[in-house]
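I have placed the structure first, in the form of structure tokens, so that the comments after it can refer back to it.
The values are calculated or read from the model by the stated rules, or taken from the named source; none is laboratory data. What you see is a predicted model; the values in this text were computed from it and never measured. Glycine also receives a Cβ, built like all others from the backbone with ideal geometry; neighbour counts cover every protein chain displayed.
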Amino acid sequence: MTPYSSQPAKAFWKSSVSDRSMFDIADLWDPKFQILPETKVATYGSCFAQHIGRALQDRGLNWHRSEAAPAGLKPENARRFNYDVFSSRTGNIYTTSLLRQWTNWALGVETVPGEIWTHGDRFIDPFRPRVEPDGFESKAELLATRQKTIESFRASIERSDVFVFTLGLTERWVNSKHGYEYPMCPGTAGGNFDASLHKFDNLDFARVREDLSHVIQMMRKANPYLKFLLTVSPVPLAATATEEHVLVSTTYSKSVLRAVAGQFAAERSVIDYFPSYEIISNPAFRGGFYEPDLRNVHGLGVDFVMDSFFACQASKFGPLPKMATQKPARNRKREDLVCEEELLAAFGGQK
Amino acid sequence: MKLCILGNSHIASLKAAWDNGLSAAHPNTEITFFGARRHLMLKLVEENGRLVAREDLVAQSLATTSGGATSIDPSVYDSLLVYGLSRNTNLQVGVLADGYSRAVREQAITDYWDDANLLRLLKKLRRLTDTKIYAGHSPLEAATSDPTRPKGRYADYVALSNDLVFRDLNAELIAQPEATVVNGMGTDAGFSAGSTRLAVGKVNDDFEHREEENRHMNAEFGGIWLQAFLARL
């Protein structure tokens, strides 16, 4: 007898991976808590997080949107204006440090910086640069809608049962004078790049862990019952600002994020990790869930990820009540996603 | 003046008011009602300058509400009003609340009307006539007065709808009379008491709606609405 003798089949690569069709690889997740129809789930993070909210909604579960689109707005226009993308209209939150910034603003720990960009006669929110496709008509309008988003983000913290966060990047851009972070490098999605003011930073394990720890502590203080579900985006970087090859930078970034997420899940009963990153990017799946650019995830991959999510939930807790098992929408178009980071590819020209 | 009113179940309140005394106060006005329940008016087809009922149920509804006609010739009327055929307008008024950009507001209003059967029927008419067409949305849902709710938002909403949608169609959205509006986005609940089903030649013609029904209004409401409308023609 060895410790391996009593291990389940899923512990062995041959029986659970190499001897199976990739579509039969199962039991990848042992969920810590059940998502019921009444469980309010908030979703934030990188572009891949958008799939989780929609999958919850497609199955009749409670995707908690604290900043809803106004009545009458057609779904395609709601997405164009960044409603129904995440639980509130924050735009993508790629880094844990940016999540910390939003949390601090929402909970009144920090005040929001006064910086506003202009584009012609329109006004761009540096912290949500693509949320309004043509920019805002005035500073007052920008500030009023941002305040609504901050209040809605706070409501996500205070009123949700589960906070889903998809960790996307470690690379970030900060204002070196004031210390705050931009979701996108100034000059790419708005604003002008100033080399003396805008500084690049690549977060390491310790900093990602410290940011996430701060966020969880703050959110749990505001809502002691809040649980967390972490995922890591399987989407490679569109571009890197380091001196490394973008593939190497991607591996660094995802490795750090995956390690931090795993450590939190291992240490805390209220924090879980769902392996969407592994399902898409592990060699066991042969890259088959990526689009031909080997970056964007095909709709079939998204469906497989979300089917795995709900299959693991059902395996652990039993099937959902009938009312919450609507047929999921299949093969969503990639264009439906709102991914600001893709803009960076445009700055590579013919490279 | 010859006025044509087309719509769904909501025209019952206007017709009841007209048939029960309002017509006597307007001896120079002749109104012909054409109605069918739910969305059935959209089944009318455009043919030789007329809207024609091709299905028996629609034809029966038109004949019952108009007094015999199964098609509508817009050219014989001085004014046209399309009424009802819209839902949740009260919720739409909320788009003027704080926290939405002008672009979002305008898109939401445009999208809402684009999806409304009211506008679909209006566009069918517009293809047949150049006469200005008036539009009246289904009544705002019945509500009890809440003094904390902002006033005036509804009027702004109607004005914006005209600027964005109706004016380009040589049409005008008519606001529900101010006397019937509470909370800036609801109809005084008293007007929903005793509302009746549109008579379309079925066994439940003129039956009262259930007590909890809060979308259809009574003849008193119809009278206030119609008087205000006729006064502006």
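Brief remarks on what is shown
- Top-ranked residue in segment A:144-168 [being touching a residue at least 24 places away in the same chain (Cβ under 8 Å) and of a type in the set (A, V, I, L, M); ranked as nearest to A:Ile35 (Cα to Cα)]: A:Val162
- Candidates B:Ile31, B:Ile5: the one that is part of a strand (DSSP E or B) and crowded, with 24+ Cβ neighbours inside 10 Å is B:Ile5.
- Single residue of segment B:97-118 satisfying the filter (out of contact with any Asp or Glu (no Cβ under 7 Å at 6 or more places or on another chain), among the aliphatic types (A, V, I, L, M) and under 20 Å from A:Leu143 (Cα atoms)) that is nearest to the other protein chains (Cβ to nearest Cβ): B:Val104
- Sole exception among (1) closer than 18 Å to B:Pro139 by Cβ; (2) at pLDDT 95 or above for B:Asn88, by number: (2)
- Scope segment A:60-80; condition surrounded by fewer than 22 Cβ atoms within 10 Å (Cβ to Cβ), at the interface with another protein chain (Cβ under 9 Å from one of its Cβ atoms) and touching a residue at least 40 places away in the same chain (Cβ under 8 Å); matching residues: A:Arg80
- The listed residue being within 19 Å of A:His214 (Cβ to Cβ) and among the hydroxyl-bearing types (Ser, Thr, Tyr), out of A:Thr188, A:Thr118, A:Thr149, A:Thr166: A:Thr166
- Residues satisfying the stated conditions in segment B:163-209, i.e. under 14 Å from B:Ile224 (Cβ atoms), modelled with pLDDT under 90 and of a type in the set (A, V, I, L, M, F, W, C): B:Val182
- Filter pass, A:Ile25 being of a type in the set (Val, Ile, Thr), out of contact with any Phe, Trp or Tyr (no Cβ under 8 Å at 6 or more places or on another chain), over 19 Å from A:Thr145 (Cβ atoms) and more than 14 Å from chain B (Cβ to nearest Cβ): no
- A:Thr149 meets the stated requirement of being within 14 Å of chain B (Cβ to nearest Cβ) and of a type in the set (Ser, Thr, Tyr).
- Hits in segment A:136-146 - residues which are more than 9 Å from every other protein chain (Cβ to nearest Cβ), farther than 15 Å from A:Thr90 by Cβ and either charged (D, E, K, R) or in contact with a Pro (Cβ under 8 Å, 6 or more places away or on another chain) (or both): A:Lys139
- Count - residues of segment A:12-59 that are over 24 Å from A:Phe317 (Cβ atoms), over 14 Å from the mean Cα position of the chain (by Cα) and not in a loop (DSSP other than H, G, I, E, B): 6
- Helices (runs of 4 or more DSSP H) (entirely within segment B:117-233) containing at least 1 residues that are surrounded by fewer than 18 Cβ atoms within 10 Å (Cβ to Cβ) and over 17 Å from the mean Cα position of the chain (by Cα): B:153-161
- Residue that is nearest to the chain's Cα centre (by Cα) [pool: residues in segment B:48-94 that are within 14 Å of chain A (Cβ to nearest Cβ) and not β-branched (Val, Ile, Thr)]: B:Ser86
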